[in-house]
1. Restricting to the range 86-97, what's the tally of residues that are closer than 17 Å to residue 72 by Cβ and surrounded by fewer than 11 Cβ atoms within 10 Å (Cβ to Cβ)?
2. Looking at this structure, is residue 16 at pLDDT below 95 and crowded, with 21+ Cβ neighbours inside 10 Å?
3. Tell me whether the range 59-71 contains one or more residues that are closer than 17 Å to residue 140 by Cβ and either exposed (fewer than 14 other Cβ atoms within 10 Å of the Cβ) or touching a residue at least 40 places away in the same chain (Cβ under 8 Å) (or both).
4. Only one of these is in contact with a strand residue (DSSP E or B) (Cβ under 6 Å, 6 or more places away or on another chain) and more than 23 Å from residue 99 (Cα to Cα): 22, 14, 28. Name it.
5. Any residue in the range 19-48 that is free of Cβ contacts under 8 Å to residues at least 12 places away in the same chain sitting within a Cβ distance under 7 Å of a residue that is of a type outside the set (A, V, I, L, M) and in a loop (DSSP other than H, G, I, E, B)? List the pairs, counting only those 6 or more apart or interchain.
6. Restricting the search to the range 118-129, which residues are surrounded by 11 or more Cβ atoms within 10 Å (Cβ to Cβ) and either over 30 Å from residue 158 (Cα atoms) or touching a strand residue (DSSP E or B) at 6+ places or on another chain (Cβ under 9 Å) (or both)?
7. Of the residues 96, 79, only one is of a type in the set (A, V, I, L, M), touching a residue at least 12 places away in the same chain (Cβ under 8 Å), part of a helix (DSSP H, G or I) and more than 19 Å from residue 120 (Cα to Cα); which?
Amino acid sequence: MNNSLFVLGGAAWINLVNTTYISHKQEIDILADVSRTFQWLEENNLLRESDAPVLEKEERMDSLINELHSLRTLCKKILSDVEQKEEISPDAAGQLNKLVKRLNVRLTMDAGNEKLKLVPEGLTVEDHVLYQIADSIIHTLDSTLISRIRKCEHEECVLHFVDTSKSGKRRWCSMEWCGNRKKAAEFYAKKKKKQD
């Protein structure tokens, strides 16, 4: 598993939700920083080679960030629906459907690895990125048990993830970040209790 904060969620749409997180009791928003947003897009494989020069134009990056803010709100609603009702609400489904209808996507052919396949590609950077995140939502909800879409159990963490472990018992967004921190806190609490 890649331990980068940008991909801990295991699906692009959950990684988008995770662009707001808590660090040292402060809320951090990755989308508030252009360079970190660009890095997040790259680590989630949401950009084509031709997209980087386009995003060097400040107005295009601002446009994409605005779109990501809106989509993040929708993704949070979908996560809330899944956690509370174990299904996506008609309102969230309607919003997702509106997004999908306005995206301009075409099929291109990829001849990589000696196999031919059709690949959907957005006509603009915004269309391309938003389509991939929308596709991630649909793919995750179609192929993953709802019970495997979880919030990290560490009380100070707000991150979510798709549990792809064999046992289905993953508790932490990252063992290195939250799991070990929690276990160390429990260990020291027991040690202190024995000393008292």
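The values are calculated or read from the model by the stated rules, or taken from the named source; none is laboratory data. Note that this is a predicted model, so its numbers are computed, not measured. Note that each Cβ is placed from the backbone with ideal geometry, even for glycine, and that neighbours are counted across all protein chains shown.
1. Counting residues in the range 86-97 that are closer than 17 Å to residue 72 by Cβ and surrounded by fewer than 11 Cβ atoms within 10 Å (Cβ to Cβ) gives 0.
2. no
3. Here is the first cut: in the range 59-71, the ones closer than 17 Å to residue 140 by Cβ are 71.
Applying the additional criterion that residues be either exposed (fewer than 14 other Cβ atoms within 10 Å of the Cβ) or touching a residue at least 40 places away in the same chain (Cβ under 8 Å) (or both) yields 71.
Within the range 59-71, one or more residues are closer than 17 Å to residue 140 by Cβ and either exposed (fewer than 14 other Cβ atoms within 10 Å of the Cβ) or touching a residue at least 40 places away in the same chain (Cβ under 8 Å) (or both).
4. The unique qualifying residue is 28.
5. So the pair list comes out as 29/19.
6. Scanning the range 118-129 gives 120, 121, 122, 123, 124, 127, 128, 129.
7. It is 79.
This table checks each residue for (1) of a type in the set (Lys, Arg); (2) touching a Phe, Trp or Tyr at 6+ places or on another chain (Cβ under 6 Å); (3) farther than 29 Å from residue 53 by Cα.
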{"position": "108", "(1), (2), (3)": "no, no, no"}
{"position": "112", "(1), (2), (3)": "no, no, no"}
{"position": "116", "(1), (2), (3)": "no, no, no"}
{"position": "137", "(1), (2), (3)": "no, yes, no"}
{"position": "145", "(1), (2), (3)": "no, no, yes"}
{"position": "149", "(1), (2), (3)": "no, no, yes"}
{"position": "157", "(1), (2), (3)": "no, no, yes"}
{"position": "160", "(1), (2), (3)": "no, no, yes"}
